[in-house]
Amino acid sequence: MRIEPTTIEGVHIVDLDQLTDDRGFFARSFCREEFIAAGLEPTIAQCNISFNHAAGTLRGMHFQTMEAPETKFIRCTRGAILDVVVDMRIGSPTLGEHVAVELSAENRRAIYVPATFAHGYLTLTDAAEVHYQVSHPYTPNTERGLLHDDPVLGIDWQRSIDVVSDKDRSWDRLESRDDLERIARESGGVS
């Protein structure tokens, strides 16, 4: 495994080191000790799969309050997605900035999302399947969100968005980056 930091502190891309032979390849996709050595939270309390019928399906931008913080480790196991992570840390020099990375069954890349970051993705192919490992079981009533197309966030989704849930359309629009810090504080965010 190769764990590489991104332009936003705490968010990491994880690529596989593949051992190949005439049968195919073998690779470690998660290692508790390597996560600890890289300063990442290695706890896995729950694993989830999200299947998406059509390209252009958006899920996000979600985050949990600090009552039930979720660190996420995300990999696309079928098809391809554009995965986006927004910094929600109070006082962070990169508050409101985002990292976008293509995750696909072909590139076998994963992204590590710390708690206090908003996360979402857009499917780039039909029949995209995403596997999440999370550090805390989902807790109803602790999920919050940001609008995926909020101009304050300025996310370039790289293609049309055709399917969005009513819930994900209903998040409040930000007036400025100050609103982002206010939302983070209300959610019990950390400095």
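What follows draws every value from the coordinates through simple rules; no lab data is involved. Values in this document were obtained by computation on a predicted structure and should not be read as measured data. When we count neighbours, we look across all protein chains shown, and the Cβ atoms used for this are built from the backbone with ideal geometry, even at glycine.
Observations, loosely collected:
- Relative to the Cα centre, the charge distribution of the chain, modelled as +1 at Lys and Arg Cβ and -1 at Asp and Glu Cβ, gives a dipole magnitude of about 320 debye.
- 3J(HN,Hα) couplings calculated from phi for the range 132-147 with the Karplus curve 6.51 cos²θ - 1.76 cosθ + 1.60 (θ = phi - 60°) are, in sequence order, 10, 10, 10, 8, 9, x, 4, 10, x, 6, 10, 7, 10, x, 10, 5 Hz; Gly and Pro show x.
- As a proxy for reagent exposure, Y121, Y138, Y132, Y112 were ordered by neighbouring Cβ count within 10 angstrom, fewest first; the result is Y138, Y132, Y112, Y121.
- Neighbour-count order for F25, F63, F35, fewest beta carbons within 10 angstrom listed first: F25, F35, F63
- Ascending count of other beta-carbon atoms within 10 Å, so fewest first, for T65, T94, T123: T94, T65, T123
- Farthest positive-ward along the range 63-191 dipole, Cα basis, beta-carbon charges - from I155, T77, A127: T77
- The angle between the Cα long axis of helix 177-186 and the longest principal axis of the Cα atoms of the chain comes to about 80 degrees, rounded to the nearest 10.
- For the range 26-41, Karplus couplings with θ = phi - 60° (6.51, -1.76, 1.60), whole Hz, Gly/Pro x: 10, 8, 7, 9, 7, 8, 3, 5, 5, 5, 4, 4, 8, x, 9, 6
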